[in-house]
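Read the structure below first, then the notes.
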Amino acid sequence: MSPEENIHGREKFLTLFLLLLVIAGFTGNYLKFELFLDIDFLFGSIFAMLALQFLGPARAIGAASIIAAYTYVLWNHPYAIVIMTAEVAAVAWLTQRKKTGLVLADMLYWLFIGIPLVYIFYHLVMHAPIDTVKVTMTKQAVNGIFNALVSRLLFTLYILKTGRGTV
């Protein structure tokens, strides 16, 4: 096999893998778990974070935006798409530039960017009552950190099983 064929084959594999992660993420959001009163626990960002770990920031940010797009169907606004895509972008920056662990990076995102974005979009833009906004801020932060943790555990299992850190 020539080097060009090898590169082309690898790109096809990475594209297929990305597509599978996006489909899994979209499905993870579709198969939401309703906690109470339209407060949904979503699972899509697990796959966006897996894309980050396996495929790098550019593909992961694209995947995150597509995966998060289903939230528009769930909640009839685009703000969660922005928040969830920004989560992957910030985690990518923190893990690569600042050498922060993925779960810690996600916690920092929610503390300093995610929760303030929820407040801005839900309270200041959509005029949701502050009690609703507090519940939403808490739920989204816990949901995001939980998904980052699950993603990191899955990636670690892959590394332990295969001895490889990337696809």
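The values are calculated or read from the model by the stated rules, or taken from the named source; none is laboratory data. All figures in this text were calculated on a predicted structure; none of them were measured in a lab. Positions of Cβ are backbone-derived with ideal geometry, glycine not excepted, and every protein chain shown enters the neighbour counts. The area values use the complete protein model at the heavy-atom level, side chains included, leaving out ligands, DNA and RNA. Shrake-Rupley method; radii C 1.70, N 1.55, O 1.52, S 1.80 Å.
Output the number of residues of the stretch 132-153 satisfying the condition of being farther than 22 Å from F112 by Cα and buried (at least 16 other Cβ atoms within 10 Å of the Cβ). Talk me through it step by step, then tell me what you get.
Pass one, the stretch 132-153, residues farther than 22 Å from F112 by Cα: 153.
Okay, now just the ones that are also buried (at least 16 other Cβ atoms within 10 Å of the Cβ), so none.
Residues flagged as farther than 22 Å from F112 by Cα and buried (at least 16 other Cβ atoms within 10 Å of the Cβ) within the stretch 132-153 amount to 0.
Please go through the stretch 97-131 and give me each residue that is of a type outside the set (A, V, I, L, M), touching a helix residue (DSSP H, G or I) at 6+ places or on another chain (Cβ under 7 Å) and either closer than 16 Å to L37 by Cβ or open to solvent by 70 Å² or more (accessible area, probe 1.4 Å) (or both), ordered by number.
Y119, Y122
Among the residues that make up the stretch 89-98, is at least one of them in contact with an Asp or Glu (Cβ under 7 Å, 6 or more places away or on another chain) and under 24 Å from L153 (Cβ atoms)? Outline the logic, then answer.
Residues of the stretch 89-98 that are in contact with an Asp or Glu (Cβ under 7 Å, 6 or more places away or on another chain), as a first pass: 91.
Right, trim to under 24 Å from L153 (Cβ atoms) and you get 91.
Checked against the condition, which is being in contact with an Asp or Glu (Cβ under 7 Å, 6 or more places away or on another chain) and under 24 Å from L153 (Cβ atoms), the stretch 89-98 yields at least one hit.
Based on this model, can you work out whether I145 counts as aliphatic (A, V, I, L, M), under 17 Å from the mean Cα position of the chain (by Cα) and at negative phi? Break it down into steps so the answer makes sense when it comes.
On the way: aliphatic (A, V, I, L, M): yes; under 17 Å from the mean Cα position of the chain (by Cα): yes; at negative phi: yes.
Yes, satisfied.
If you scan the stretch 33-47, which residues turn out to be part of a strand (DSSP E or B) and closer than 15 Å to L149 by Cβ?
Of all residues in the stretch 33-47, those part of a strand (DSSP E or B) come to 33-36, 39-41.
The answer is F41, and nothing else.
Would the stretch 15-32 turn up any residue that is over 23 Å from G101 (Cβ atoms), at pLDDT below 95 and in a strand (DSSP E or B)?
Within the stretch 15-32, not a single residue is over 23 Å from G101 (Cβ atoms), at pLDDT below 95 and in a strand (DSSP E or B).
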